[in-house]
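See below for the structure under consideration.
The values are calculated or read from the model by the stated rules, or taken from the named source; none is laboratory data. All values reported here derive from a predicted model rather than from experimental measurement. Note: ideal-geometry Cβ built from the backbone for every residue, glycine included; neighbour counts use all protein chains shown.
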Amino acid sequence: MLHPEIKSQPRARDPELALGEALALAQALPGLDVVEGRVVRLPKALPGMLFGSGKVEELRALIEEAGIELVLIDGPVTPVQQRNLERAWKVKLLDRTGLILEIFADRARTREGVLQVELAALSYQRTRLVRAWTHLERQRGGLGFVGGPGETQIEADRRTIDTQMVRLRRQLSKTVKTRELHRAARRKVPFPVVALVGYTNAGKSTLFNRLTGADVMAKDMLFATLDPTMRAVTLPTGKDVILSDTVGFISDLPTQLIAAFRATLEEVLEADLIVHVRDIAHPETEEQARNVRTILADLGVDETRAQIELWNKADLLDEAQQAGFAERAAVQEGVYLTSAMTGQGLETLYGAMTALLDDSRSQDELHLPHSAGRARAWLYEQGVVEEETMQADGSVLRVNWTDRQKQAFRGLKG
């Protein structure tokens, strides 16, 4: 794994920390044996091979000596640079986008997730079509309307990819309709939706497992969750909610990947409460938090949406650090210091979630005919019936319920 630090570009992150994140990315891909990672300092990025000729030769010797078959570069690599470096080093090369795509392809489980990965991969592959020849002799014959004389193989490949992308978009549009039906069904459920968001590897899935008992993958691994997982759960306070675990955000995620996975993150837009889970023990926790807030804003999440900031992984802090962060959290509204691993501070979190989601109630009088047995049973299941009077044509119920329960009851009747 090589992390290029280019002196001519503004230094946004500590290069060693950036390399550490890149190595964690590589280790998230099964079958990869990561041999070495190093920061490579460059005066500037060269258009032909990224690195200077001397550095290319130095790295070639190291690659050959270690028997390396795949080189990962933590950053963007142009198609021309990729082709030239693969020729010089006689290995396969992946840049940051290519590596993330490989991880997405390995982790995606739902039909929509798989389609999104394929679409993003084709978009990426289309930019990788590099003319490996210097003349126009490689042509395809045939009728003009299917690509006659003069069409190069690269143009034919590009058209094939475009056709596949159109097909995938059609399939995705069908899954979007299916997902909207699922969302419409969930709106009839009188439970608020809580979305867990955060930088990748912040501990969202561990928290999700603690809350739900669900067998969701929760490893110390970047991008452990790619498809949204939703579960109905009763908080220890007695509050019923639908909990959604979402894909982790990461810095420098290419535009086409954000667009491809926007649908996966649409659950966040539907959420009544967003819980921003932060790895407070990470040295770049502030930068990670800014990255998450930026993506949430890009998704269209407005500042009025109810949010909680969870400073997770308190168990990785020493006593002095814990005391300092606890003091800071105490004076900030909606901020809680916790550990999803040990359970520290979660009782306070549950209380805060319940308070934010506890809707105001109103009283109504309902007239139900005898035939409305299912609706009557539902009202009793919700615990909203205060009094019932039987009449010849049915019953009159006095209920004390939330606006969400009222809307769900109307959907039930409909």
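Taking the numbered list (1) free of Cβ contacts under 8 Å to residues at least 60 places away in the same chain; (2) surrounded by fewer than 20 Cβ atoms within 10 Å (Cβ to Cβ) in turn, TRP311 passes all entries but (2). The listed residues are GLU65, GLU5, and the only one of them that is free of Cβ contacts under 8 Å to residues at least 24 places away in the same chain and not β-branched (Val, Ile, Thr) turns out to be GLU65. Scanning the stretch 363-379 for residues that are under 41 Å from the mean Cα position of the chain (by Cα) and surrounded by 12 or more Cβ atoms within 10 Å (Cβ to Cβ) yields ALA375, ARG376, TRP378, LEU379. Exactly one residue out of LEU101, LEU17 is in contact with a Pro (Cβ under 8 Å, 6 or more places away or on another chain), in a helix (DSSP H, G or I) and in contact (Cβ under 8 Å) with a residue 60 or more places away in the chain: that is LEU17. Taken over the stretch 1-31, the criterion of being more than 24 Å from MET49 (Cβ to Cβ), among the hydrophobic types (A, V, I, L, M, F, W, C) and touching a Leu at 6+ places or on another chain (Cβ under 9 Å) is satisfied by ALA24, ALA28, LEU29. Looking only at residues in the stretch 271-306 that are surrounded by fewer than 21 Cβ atoms within 10 Å (Cβ to Cβ) and of a type in the set (Val, Ile, Thr), which one is modelled with the highest pLDDT? Filtering the stretch 271-306 for residues that are surrounded by fewer than 21 Cβ atoms within 10 Å (Cβ to Cβ) and of a type in the set (Val, Ile, Thr), the one modelled with the highest pLDDT comes out as THR285. If the condition is being out of contact with any helix residue (DSSP H, G or I) (no Cβ under 9 Å at 6 or more places or on another chain) and within 19 Å of LEU269 (Cβ to Cβ), then the stretch 280-304 contributes ASN291, VAL292, ARG293, THR294, ALA297, ASP302, THR304.
Of the set (1) surrounded by 15 or more Cβ atoms within 10 Å (Cβ to Cβ); (2) of a type outside the set (D, E, K, R); (3) within 24 Å of ILE242 (Cβ to Cβ), all apply to THR348 but (1).
Considering each residue of the stretch 51-71 in turn, none proves to be part of a loop (DSSP other than H, G, I, E, B), under 25 Å from PRO283 (Cβ atoms) and modelled with pLDDT of 90 or more. Checked against (1) under 18 Å from VAL35 (Cβ atoms); (2) within 19 Å of the chain's Cα centre (by Cα), ASP106 passes all but condition (1). If the condition is being touching a Lys or Arg at 6+ places or on another chain (Cβ under 8 Å), of a type in the set (A, V, I, L, M, F, W, C) and farther than 22 Å from GLN9 by Cβ, then the stretch 64-84 contributes only LEU70.
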